[in-house]
1. Mind giving me the nanometre distance, one decimal, between the label points for residue 12 and residue 322, set 7 Å out from Cα along Cα→Cβ?
2. Compute the long axis of helix 127-143 from its Cα atoms, compare it with the longest principal axis of the Cα atoms of the chain, and write down the angle in degrees, 0 to 90, nearest 10.
3. For region 299-442, take the alpha-carbon Rg, divide it by the Kirkwood Rh, and send me Rg/Rh.
4. Return 196, 346 ranked ascending by Cβ neighbour count within 10 Å, so the fewest neighbours appear first.
5. Provide the packing ranking of 97-108, 372-383, 41-52, 312-323, i.e. peptides ordered by the mean count of other C-beta atoms within 10 Å per residue, highest first.
6. Please report the relative contact order for region 11-441, taking Cα pairs under 8 Å with a sequence separation of at least 6, and give it as a percent rounded to a whole number.
7. Which order do 435, 282 fall in if you start with the one that has the fewest other Cβ atoms within 10 Å?
8. I'm spelling it out carefully: the read-out is mean projected area of the Cα convex hull in nm², the candidates are [x] 18.1; [y] 20.8; [z] 21.9, and one was derived from this structure. Which label?
């Protein structure tokens with residue numbers, strides 16, 4: 001049963017979770033796909049800036065919701081209280097099955113791929129899955145121990161991640177052998193590019209790279225003074241990541257030829273090889289692997305809190321709410337860890353990630369929309385923080401995200417329909433769980 005521990009995560013720990021949860025596989029892989037259709041340096045940097053502005057607008061809106069409704073669970077908590085328990089349950093279902101376990105597995109597999117890139121290509125096929133699964137299990141055990149070990153591990157990994165990225169950017173610009181002639185000033189054709197279908201496609205990749213800015217709301221109940229600290233954490237964490245993303249892509253485009261990165265996944269390796277030579281490029285595999293440890297750690301820390309809150313609210317699933325003496329939801333952590341390991345060993349989760357961006361964006365879209373509903377339904381509800389720039393800020397997020405969602409449905413209907421199918425499955429699971437919980441109480 002839930003423990004009674006009053007120990008909380010500190011401001012620095014949760015800020016580290018936000019940064020680490022965002023900076024993962026997306027920023028180190030997306031540029032290669034964006035270069036297939038967009039060749040303007042200005043448009044490419046604008047892409048990451050637009051994605052960052054959208055994330056900031058979403059973060060500021062979530063800050064109002066989190067301060068007004070302070071409880072762990074993120075969208076599950078907000079949508080259940082603003083709309084209906086079914087809406088919250090489906091949101092939690094999406095977060096638990098796709099939002100954390102899938103990307104956690106993907107980050108672990110990418111970690112294994114980069115870590116083994118410094119060795120011969122003849123590495124046994126079982127090494128990467130074993131390394132990825134081992135990482136997930138090790139971090140699951142770490143975060144299931146206590147708040148001090150869990151939080152300290154996250155802060156250390158995140159500091160290392162930010163430091164490595166900053167050092168990489170500075171060193172690459174200083175020691176690059178042959179700087180590229182890429183221009184980052186706008187030209188006549190850039191106006192059309194910013195409103196093109198190609199830009200929308202690229203924005204899907206960017207949106208996935210920024211996914212995770214809302215993660216602090218999953219830890220509200222375990223955060224010191226959440227109504228005061230949550231808005232600052234969401235804004236500062238997202239702003240730091242936005243600066244890192246723009247800087248990283250500026251460096252990639254400055255030191256490596258566009259032709260070499262076009263269509264490639266390991267753009268970080270290509271850029272490092274261009275800047276530091278073959279040895280430097282190979283060592284980048286280990287460096288990026290270290291960065292991805294922080295990403296897996298952040299998802300292992302935040303994701304299980306969704307299952308914990310679901311267990312607290314649904315009697316039939318109360319085992320998810322069990323905690324240890326330190327208040328850590330161990331059962332939920334072990335469950336997500338097991339799901340991630342299954343994804344790694346089956347390798348079938350990659351098809352899920354194709355539509356994960358759509359499903360998670362739809363989840364955030366409905367949540368940002370709910371701030372208007374909450375203000376209308378409960379105008380006198382205490383709001384320690386109000387969304388900066390309201391109503392423009394949430395409306396800007398809704399317009400940008402809605403444009404992306406519509407593009408996916410029109411141009412990638414299979415992925416969009418799969419995402420809607422996951423939501424429908426969550427609704428069915430809610431009905432079954434609610435009925436079982438009702439029967440159990442009787």
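Here, each number is a calculation from the coordinates, and none is a lab measurement. Please read all numbers here as calculations on a predicted model, not as lab measurements. Please note: Cβ atoms are built from the backbone with ideal geometry, for glycine as well, and neighbour counts cover all protein chains shown.
1. 3.5
2. 40
3. Value, to two decimals: 1.02.
4. If I rank by nearby Cβ atoms, fewest first, I get 346, 196.
5. For the peptides 97-108, 372-383, 41-52, 312-323, the packing ranking is 97-108, 41-52, 312-323, 372-383.
6. Contact order relative to length: 35 percent.
7. Placing the least packed residue first, the sequence is 435, 282.
8. [y]
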